[in-house]
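Enquirer: One structure, pasted below without further comment.
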Amino acid sequence: MNKPDIKYLFEPKNIAVIGASSRPGKIGYTIVENIVGEGFTGTVYPINPGGGEILGLTMIRDIELIEEDIDVAVISIPAAAVYDAVVKCARKHVKFLTIISSGFSEVGDLEEERRIVRLARENGMRILGPNIFGHYSARVSLNATFGPRNIRAGNVAIVTQSGALGIAMIGKTAVQNIGLSAIISVGNKGDIDEADLLEYLIKQDETKIILMYIEGIQQGERLVRVLKLATRVKPVVVIKSGRSKRGAVAAASHTGSLAGTDEIFDAVMRQCGVLRAESVQEALEWCRYLSATQLPSGLNTVIVTNGGGVGVMATDACEKYNVPLFSDHGRLQATFESVTPGFGSTKNPIDLTGQASGVEYRLALEKALADPDIHAVLALYCETSMMSADQLSDLIRSVYQEYKLKRKPVLFSIFGGVITEQTITDLNREAIPVYRDVYEAVSCLGAQFSYYRHQTANAVPETAIPINPGLINEIILAARKDNRQFLLADEGQAVLNEAGLVLPKSGIARSIHDAVTLADSLGYPVVMKVVSRDILHKSDVGGVLLDLENREEVLDGYQTIIHNCKAFRPNVLIEGIEIVEQIPPGMEVIIGGRRDRAFGPILMFGLGGIYVEVMKDVSFRALPLNRSQIRSMIKETRSYPLLLGVRGEARKDIDEIVEVMVKVGTILEACPDIADIEINPLMVFEQGQGVKPVDVRIMLTEN
Ligand code: ACO
């Protein structure tokens, strides 16, 4: 059945509250009180089988007695009674149900939650929740929550998976002078999830920033698609709990949903241009700042200060938050020389020194404003006797307005006693970005720059190569028939061949005699590897030997491998010994792909070989990707300089690594049965000399 337009959830013409109670203090009372008290522009229908009155409204005994069509019904009755109420809503063709009631999947009753969602979907209704505190929409002054009242209307939309934190954020945003365009509690996300809500919030003009608190993600691939669209239009800030391993376990049991691993979540969010905050406080600061300022036209930043120490701290903060300091010293000198004393500095930070009066300080900020090559300014001020508090706040107010007109960000960070503290509070109330701490200021500018970089990055179409998944699927089917969840070496090789990747020439010897014949035909030196479904990590058990130069060494090697594997497990099944052409030495990298439970196909790059587990120098992205995004994945690793060549070494063939990654990505996207694919090592030679995949491991999904 057709789904109703999500706009009705945010802009309903009426709302019914099933479980409205005339007893103050009950959730069913508070919700009606909030809807009426906040001044909802539509009609409210309180529903209670006992009849009576609430806040001057007559209770209706049954939703089916209402004549009008209903856009939204809030359900606030015990879980056991919810299904029957949803049946009535279905008969009434209600569009959206917001189910406040707890007692579903979050306490293990997934079945009842699914039964309700199924019923709703079959009847063209959508469900927010269950287990939510409700939702607020400024456009129609709708506060259908049991949280606080008098929500300040504004430009930030909050989507939250945590109820208590969400309710607290209503209060916190009010304290921090952050206005809300909407706040939506998603709870168990039985039906509506973040992606559905984003689709509305992207288009809604009042919403300038979207803030999401996420614990777990169920349909990551769809969320990624919608987030990519959202960040083209407005900044999206995310707080995700479950960063630590302990936290991840707590989040999973709390919400009953799956949290993807944090590294992948982090990488995918960055890829989508989402700003991930470390804490709620940081996220709110970003929202406040971003909703009050426009994007700059570039990233050249200048620090103007009357104190050397805070200037140095701000410089450190700029490095931490990736805020580039303008470094054209000739230009800086020409701009600021006339306002800087001889013992000050015109190198960035511009240090006017403690003797700077209000006049010089303002002049310096005006000069920065006038210079078209300076795009943002951090104005630091330590309280001195050179400027009174009134002078300082007047100066900040007027400079901020001038910068705003020119679309140049200026962020103030001021330090001092009681009067300075009061100045900060007063100016913040006027939405002027003034901070107590330089790190707070720079963190906001860093978030804005990160968004700017994403906005200005070239949109290059995604990349794939033509392959025939039919052949790969035949190989997979054979493995399935054999009851295996992994592919054998020759099968893995055949899969790679399909994408034009050729492993070293090889054959499988079933006897010592075979081994010598094969090695002779391949040419020396050769590598020998055990073939066994009992052994996944061959080198760990001594199942791999390198540099075998002649027949004698192959004969010895055969016996050594058999001996090592039997020592690992006496009854190990050895299917044979693979004899492989030996590849000349190069730099070893790893190319991996896996099907993440939250985000779908993910590509991985890292420093490879046997050190991969120890170094953990890897980067991730969700597919699809283009070549430039793949290149930035490679650049992101700590070992990237090794590929560029250190200490006189030649640069490695990075272009060819990119091509292999495109191919691995294509295979993973085309074959949903592949859970994991890993080329390790991929031997990388000097630029122009190419790369060579040496080994591949392919795991299949559970079926
Ligand atoms: N249709 C209409 N009204 C009904 C129906 C029905 N089918 N069934 C019962 N009612 C009435 C009741 O008679 C009662 O009204 P009354 O006070 O006049 O008698 C009212 O609806 C509420 O029903 P109660 O049985 O009194 O339920 P109560 O209010 O105690 O609890 C609630 C209902 C709040 C939904 C509860 O079951 C619940 O789930 N609480 C948790 C809510 C929550 O925390 N959600 C997550 C938020 S996020 C966070 O963590 C902050």
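Enquirer: GLY216: within 16 Å of the ligand (Cβ to nearest atom), out of contact with any Asp or Glu (no Cβ under 7 Å at 6 or more places or on another chain), of a type in the set (Gly, Ala, Ser) and open to solvent by less than 10 Å² (accessible area, probe 1.4 Å), yes or no?
Expert: yes
Enquirer: Which of the residues spanning region 75-94 are touching a residue at least 40 places away in the same chain (Cβ under 8 Å) and of a type in the set (Ser, Thr, Tyr)?
Expert: Scanning region 75-94 gives a single hit, SER76.
Enquirer: A follow-up question, please. With surrounded by 15 or more Cβ atoms within 10 Å (Cβ to Cβ) and without any contact (Cβ under 8 Å) to a residue 24 or more places away in the chain as the only criterion, which of ALA509, ALA494, ALA499 stands out?
Expert: Only one candidate qualifies: ALA494.
Enquirer: Kindly provide the set of residues from region 465-474 that are open to solvent by less than 70 Å² (accessible area, probe 1.4 Å) and either in a loop (DSSP other than H, G, I, E, B) or modelled with pLDDT of 95 or more (or both), ordered by number.
Expert: ILE465, ILE467
Enquirer: Working carefully through the options SER413, SER443, SER450, find the one that is in a helix (DSSP H, G or I), crowded, with 16+ Cβ neighbours inside 10 Å, in contact with a helix residue (DSSP H, G or I) (Cβ under 8 Å, 6 or more places away or on another chain) and in contact (Cβ under 8 Å) with a residue 24 or more places away in the chain.
Expert: Answer to the check: SER443.
Enquirer: Give me the residue from region 70-102 that is outside any helix (DSSP H, G or I), farther than 16 Å from ASP191 by Cβ and open to solvent by 10 Å² or more (accessible area, probe 1.4 Å) and, out of that set, farthest from the ligand (Cβ to nearest atom).
Expert: Going through the qualifying residues, I end up with HIS93.
Enquirer: Assuming VAL268 fulfils every condition listed in (1) touching a Phe, Trp or Tyr at 6+ places or on another chain (Cβ under 6 Å); (2) free of Cβ contacts under 8 Å to residues at least 12 places away in the same chain apart from one, which condition is it?
Expert: Result: VAL268 passes all but (2).
Enquirer: If the Cβ limit is 6 Å and pairs must be 6+ apart or interchain, which residue in region 670-697 that is at positive phi pairs with which residue that is open to solvent by 50 Å² or more (accessible area, probe 1.4 Å)?
Expert: These pairs meet every condition: GLY690/GLU656.
Enquirer: Can you run down the residue pairs with Cβ atoms below 7 Å, 6 or more apart or on separate chains, where the first is in region 381-408 and closer than 20 Å to LYS367 by Cα and the partner is open to solvent by less than 80 Å² (accessible area, probe 1.4 Å) and of a type in the set (Asp, Glu)?
Expert: Note: pairs meeting the criteria are SER393/ASP426.
Enquirer: Checking the condition out of contact with any strand residue (DSSP E or B) (no Cβ under 9 Å at 6 or more places or on another chain) and within 12 Å of the ligand (Cβ to nearest atom), which residue from ILE31, ILE27 passes?
Expert: Testing whether each residue is out of contact with any strand residue (DSSP E or B) (no Cβ under 9 Å at 6 or more places or on another chain) and within 12 Å of the ligand (Cβ to nearest atom) leaves just ILE27.
Enquirer: Another question, then. In region 342-358, what residues are out of contact with any Gly (no Cβ under 6 Å at 6 or more places or on another chain) and surrounded by 17 or more Cβ atoms within 10 Å (Cβ to Cβ)?
Expert: GLY344, SER345, THR346, ASN348, ILE350, ALA356
Enquirer: Say we look at region 401-410 and pick out the residues that are open to solvent by less than 10 Å² (accessible area, probe 1.4 Å) and of a type outside the set (A, V, I, L, M); which of these is nearest to HIS375 (Cα to Cα)?
Expert: PRO409
Enquirer: Another question, then. Could you pull out the residue among ALA515, ALA494 that is at pLDDT 95 or above and part of a helix (DSSP H, G or I)?
Expert: None of the other options fit; the residue is ALA515.
Enquirer: Given the options ALA368, ALA431, ALA379, name the one that is assigned to a strand (DSSP E or B) and surrounded by 14 or more Cβ atoms within 10 Å (Cβ to Cβ).
Expert: From the options ALA368, ALA431, ALA379, the qualifying one is ALA379.
Enquirer: Residues of region 1-53 being open to solvent by 50 Å² or more (accessible area, probe 1.4 Å) and over 20 Å from ASP71 (Cα atoms), which ones?
Expert: Answer for region 1-53, where residues must be open to solvent by 50 Å² or more (accessible area, probe 1.4 Å) and over 20 Å from ASP71 (Cα atoms): SER22, ARG23, PRO24, GLY25, LYS26, ILE27, PRO49, GLY50, GLU53.
Enquirer: Please state which of the following conditions VAL36 fails to meet, knowing it meets all the rest: (1) within 16 Å of the ligand (Cβ to nearest atom); (2) over 36 Å from the mean Cα position of the chain (by Cα).
Expert: (1)
Enquirer: Still on this structure, please answer the following. Test each condition in (1) over 42 Å from the mean Cα position of the chain (by Cα); (2) surrounded by 15 or more Cβ atoms within 10 Å (Cβ to Cβ) for ALA567 and report the one that comes out false.
Expert: Single failed check for ALA567: (2).
Enquirer: I would also like to ask the following. What's the number of the condition ASN483 fails, among (1) assigned to a loop (DSSP other than H, G, I, E, B); (2) touching a residue at least 60 places away in the same chain (Cβ under 8 Å)?
Expert: (2)
Enquirer: Specify the residue that is surrounded by the fewest Cβ atoms within 10 Å (Cβ to Cβ); the eligible residues are those in region 645-684 that are in a helix (DSSP H, G or I) and touching a helix residue (DSSP H, G or I) at 6+ places or on another chain (Cβ under 6 Å).
Expert: Step by step, filter region 645-684, then rank; the result is ILE654.
Enquirer: For residues that are touching a strand residue (DSSP E or B) at 6+ places or on another chain (Cβ under 9 Å), closer than 19 Å to PRO681 by Cβ and open to solvent by 40 Å² or more (accessible area, probe 1.4 Å), tally how many sit in region 600-643.
Expert: Residues flagged as touching a strand residue (DSSP E or B) at 6+ places or on another chain (Cβ under 9 Å), closer than 19 Å to PRO681 by Cβ and open to solvent by 40 Å² or more (accessible area, probe 1.4 Å) within region 600-643 amount to 7.
Enquirer: Let me ask something else about it. When both residues are 6+ apart or on different chains and their Cβ atoms are under 7 Å apart, which pairs have a first residue that lies in region 544-558 and is under 18 Å from ASP514 (Cβ atoms) and among the small types (Gly, Ala, Ser), and a second that is assigned to a strand (DSSP E or B) and open to solvent by less than 60 Å² (accessible area, probe 1.4 Å)?
Expert: GLY557/MET528; GLY557/LEU545; GLY557/LEU548
Enquirer: Taking region 56-69 as the search range and keeping residues that are within 11 Å of the ligand (Cβ to nearest atom) and not in a helix (DSSP H, G or I), which one is most open to solvent (accessible area, probe 1.4 Å)?
Expert: Once the filter is applied, the top-ranked residue is ARG61.
The values are calculated or read from the model by the stated rules, or taken from the named source; none is laboratory data. The model shown is predicted, which means the values in this text are computed figures rather than measured ones. Glycine also receives a Cβ, built like all others from the backbone with ideal geometry; neighbour counts cover every protein chain displayed. These area figures cover heavy atoms from the full protein model, side chains too; ligands, DNA and RNA do not enter into them. Shrake-Rupley method; radii C 1.70, N 1.55, O 1.52, S 1.80 Å.
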